[in-house]
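A.B. asks: Have a look at this one.
The values are calculated or read from the model by the stated rules, or taken from the named source; none is laboratory data. Nothing here was measured: the structure is a model prediction, and the numbers come from that model. We place every Cβ from the backbone using ideal geometry, glycine too, and count neighbours over all the protein chains shown. Surface accessibility is based on the protein's heavy atoms, side chains included, excluding ligands, DNA and RNA. Shrake-Rupley method; radii C 1.70, N 1.55, O 1.52, S 1.80 Å.
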Amino acid sequence: MAEEKITLSKKDRQAVAWRHQFLQGSWNYERMQNGGWCYAMVPAIKKLYSTKEEQAAALERHMEFYNTHPYVSAPVIGVTLALEEDRANGEKIDDAAIQGVKVGMMGPLAGVGDPVFWFTIRPILGALGASMALSGNILGPILFFVLWNVIRMAFLWYTQEFGYKVGTEITKDLSGGLLGKITEGASILGMFIIGSLVERWVSISFTPVVSTVTQSKGAYIDWSSLPSGAEGIKSALEQYASLGANGLNVEKVTTLQQNLDALIPGLAAVALTLLCCKLLKKKVSPIAIILALFAVGIIGRLLNFM
Amino acid sequence: MSALTILLIVIVAFLAGMEGILDEFQFHQPLVACTLIGLVSGHPQEGIILGGSLQMIALGWANIGAAVAPDAALASVASAILMVIALDGGATDTVAAINTSIAVAVPLSVAGLFLTMICRTIAIPMVHAMDAAASKADFRGIEVWQVLAICLQGVRIAIPAAALCFIPAESVTAVLNSMPAWLSGGMAVGGGMVAAVGYAMVINMMATKETWPFFVLGFVLAALSELTLIALGAIGVSLALIYLGLKELATAGGGAAGSGDPLGDILNDYE
């Protein structure tokens with residue numbers, strides 16, 4: 001019984017990692033990511049099993065229901081590779097055990113992947129890139145694309161390797177509270193950033209004029225008594241520096257927006273965001289809210305208050 | 001538009017459609033898709049700006065489990081094509097073209113959502129074909145069906161994109177030019193508020209009693225315009241690390257005597 005042990009080489013594992021990127025390609029309402037999962041396992045199955053019967057059995061057991069976050073699926077596939085390798089070398093690991101590991105890991109991991117990737121990293125990188133793009137800077141989209149893909153590929157490869165090396169032991173690591181901590185940390189960072197995004201990028205401006213006050217002499221630039229030529233420009237700029245924007249006109253105009261900003265800048269934006277949270281919780285469709293906001297914008301412009 | 005431009009646009013649309021389901025390389029994100037369409041059609045500047053504006057709206061759109069969010073792929077591809085047609089037709093100012101494209105993108109994201117659902121249903125017989133291939137140990141068959149399924153998602157966006165390219169420029173510019181100021185102005189106002197919906201989706205996902213204070217901190221600190229987003233990110237990471245560290249300390253030292261909180265100790269004694 002000096003049969004040589006079959007192992008998956010680094011190249012095999014890289015092939016699986018590459019194909020794993022297409023996990024969601026055949027996403028379907030019946031068994032969700034099963035097709036993509038099986039597709040990703042193909043190089044490993046080819047290597048590990050030589051008879052047709054074994055290969056067919058392996059392919060069939062990987063066509064079972066599967067669904068999780070497409071990135072945190074990487075450690076799951078790593079563990080599965082380790083299990084299949086042991087099985088191919090004669091260890092007693094039945095189909096139920098392999099499916100059990102997949103199902104057991106996909107739930108809790110999806111709970112980490114969604115907040116970390118979709119609700120923390122992507123909004124942060126997206127907002128960073130978009131804020132540069134708004135001024136027409138091509139670095140914005142490039143930065144987003146490159147950073148995202150570097151993070152994603154590194155994550156896919158290293159966590160798959162981690163899963164492969166640690167094997168089923170990984171479940172102990174996962175329940176050790178590490179996952180909970182990552183999720184919690186991501187939520188804190190995410191909420192912090194969303195808070196600042198609301199202030200910076202939700203723009204509501206109420207234009208009605210609240211008050212018009214005629215300012216006392218000396219609080220505004222007396223344009224008619226400025227010296228002529230460059231001297232006059234200099235004097236005007238000097239006065240502007242000390243008086244500020246209100247010094248440009250005799251009358252000081254205050255809009256509703258300026259009053260609101262004096263309380264906290266972005267107060268209306270945060271109120272609108274919280275309203276949206278409430279509506280979404282009441283199962284109002286986001287599309288309906290978006291369309292309603294456009295309607296409000298048009299009405300606001302028509303009635304001249306926004 | 002030249003034949004080459006149309007071909008390049010269709011390729012970008014295909015990539016965006018694929019990514020709409022794969023969610024890996026992010027070609028479907030407005031920031032990437034609109035920029036690429038702008039680049040291949042000779043309007044890079046406007047493409048980047050449109051991408052940035054749409055990205056701000058779409059920040060919180062994500063597919064979770066079986067649920068699908070508004071479709072960023074169709075929204076960004078189609079709105080970028082319409083903007084390019086309008087700009088090529090001339091006689092419209094850039095700002096108006098970008099603003100209207102944003103407004104058009106929103107209903108398109110719903111249309112894209114239905115297309116996605118159709119594709120996900122068509123994929124069911126496809127995985128049955130994969131089942132059949134699996135039982136015969138037919139590796140090639142599995143690969144072919146997987147690739148076909150991905151292409152189906154690409155075609156989902158590529159076909160509408162190709163169709164849009166053939167809308168005559170005159171009709172798009174005519175519609176834009178006949179648009180009254182209150183309508184385009186109002187859409188710009190609406191566009192400024194729409195980002196709130198995406199942020200609200202993110203908040204609903206992550207908000208707990210513990211995380212709300214961090215939202216408030218972020219909101220208040222953002223008013224200091226000297227702080228860039230990167231600086232805010234650094235503050236956020238530090239806060240998260242500090243909080244987690246302190247929390248661990250608190251749980252570790254929870255049972256120890258002399259916690260420095262006499263009232264707490266008394267209360268603990270009652271338990």
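A.B. asks: For A:Pro108, all conditions in the list (1) farther than 26 Å from A:Ala15 by Cβ; (2) buried (at least 24 other Cβ atoms within 10 Å of the Cβ) hold save one; what is the number of the exception?
C.D. replies: Evaluating A:Pro108 over (1) farther than 26 Å from A:Ala15 by Cβ; (2) buried (at least 24 other Cβ atoms within 10 Å of the Cβ) leaves (2) as the failure.
A.B. asks: Inspect the stretch B:218-225 for any residue being outside the structural domain of B:Asp23 (by the TED database), in contact (Cβ under 8 Å) with a residue 24 or more places away in the chain and either farther than 30 Å from B:Val12 by Cα or among the polar types (S, T, N, Q) (or both) and give the result as yes or no.
C.D. replies: Within the stretch B:218-225, not a single residue is outside the structural domain of B:Asp23 (by the TED database), in contact (Cβ under 8 Å) with a residue 24 or more places away in the chain and either farther than 30 Å from B:Val12 by Cα or among the polar types (S, T, N, Q) (or both).
A.B. asks: Looking at the stretch B:51-64, I want the residues that are more than 7 Å from every other protein chain (Cβ to nearest Cβ) and have a partner that is assigned to a loop (DSSP other than H, G, I, E, B) with Cβ atoms under 6 Å, at least 6 apart or on another chain. Which pairs are those?
C.D. replies: Partner pairs satisfying both residue conditions: B:Trp61/B:Ala69; B:Trp61/B:Pro70; B:Asn63/B:Ala69.
A.B. asks: Pairs, please: C-beta under 7 Å, at least 6 apart or cross-chain, first residue closer than 17 Å to A:Lys217 by Cα and in the stretch A:230-249, second exposed (fewer than 12 other Cβ atoms within 10 Å of the Cβ)?
C.D. replies: Close Cβ pairs satisfying both conditions: A:Ser235/A:Pro227.
A.B. asks: Checking the conditions here, which among A:Gly247, A:Gly229 is surrounded by 15 or more Cβ atoms within 10 Å (Cβ to Cβ) and out of contact with any strand residue (DSSP E or B) (no Cβ under 7 Å at 6 or more places or on another chain)?
C.D. replies: Just one listed residue meets the conditions, A:Gly247.
A.B. asks: Between residues in the stretch B:80-106 that are closer than 16 Å to B:Val189 by Cβ and touching a residue at least 24 places away in the same chain (Cβ under 8 Å) and residues that are among the aliphatic types (A, V, I, L, M) and open to solvent by 50 Å² or more (accessible area, probe 1.4 Å), which pairs lie under 7 Å by C-beta distance while being six or more apart or on different chains?
C.D. replies: As it stands, the answer is B:Val106/A:Leu291, since those pairs meet every condition given.
A.B. asks: Look at B:Val147 and say whether it is more than 20 Å from B:Ser76 (Cβ to Cβ), open to solvent by 60 Å² or more (accessible area, probe 1.4 Å) and within 8 Å of chain A (Cβ to nearest Cβ).
C.D. replies: So B:Val147 passes the test.
A.B. asks: Let me ask you something else. Does A:Ile98 meet the test of being farther than 22 Å from B:Ile21 by Cβ, in contact (Cβ under 8 Å) with a residue 12 or more places away in the chain and of a type outside the set (Asp, Glu)?
C.D. replies: yes
A.B. asks: Moving to a separate point now. Of the residues that sit in the stretch B:10-33 and are open to solvent by less than 10 Å² (accessible area, probe 1.4 Å) and free of Cβ contacts under 8 Å to residues at least 12 places away in the same chain, which one is farthest from B:Ala72 (Cα to Cα)?
C.D. replies: The selected residue is B:Glu24.
A.B. asks: Examine the stretch A:155-173 for a residue that is assigned to a helix (DSSP H, G or I), within 8 Å of chain B (Cβ to nearest Cβ) and modelled with pLDDT of 90 or more, and state whether such a residue exists.
C.D. replies: no
A.B. asks: Would you mention how many residues in the stretch A:177-219 are open to solvent by less than 40 Å² (accessible area, probe 1.4 Å) and away from chain B (no Cβ under 14 Å)?
C.D. replies: Qualifying residue count, the stretch A:177-219: 2.
A.B. asks: Right, here's the next one. Taking the condition within 14 Å of another protein chain (Cβ to nearest Cβ) and under 24 Å from B:Ala75 (Cα atoms), does A:Gly266 pass?
C.D. replies: Judged against the criteria, A:Gly266 is not a match.
A.B. asks: Which of the residues spanning the stretch A:273-306 are assigned to a helix (DSSP H, G or I), open to solvent by 20 Å² or more (accessible area, probe 1.4 Å) and either touching a residue at least 40 places away in the same chain (Cβ under 8 Å) or not hydrophobic (A, V, I, L, M, F, W, C) (or both)?
C.D. replies: Within the stretch A:273-306, A:Lys278, A:Lys281, A:Pro286, A:Arg301 qualify.
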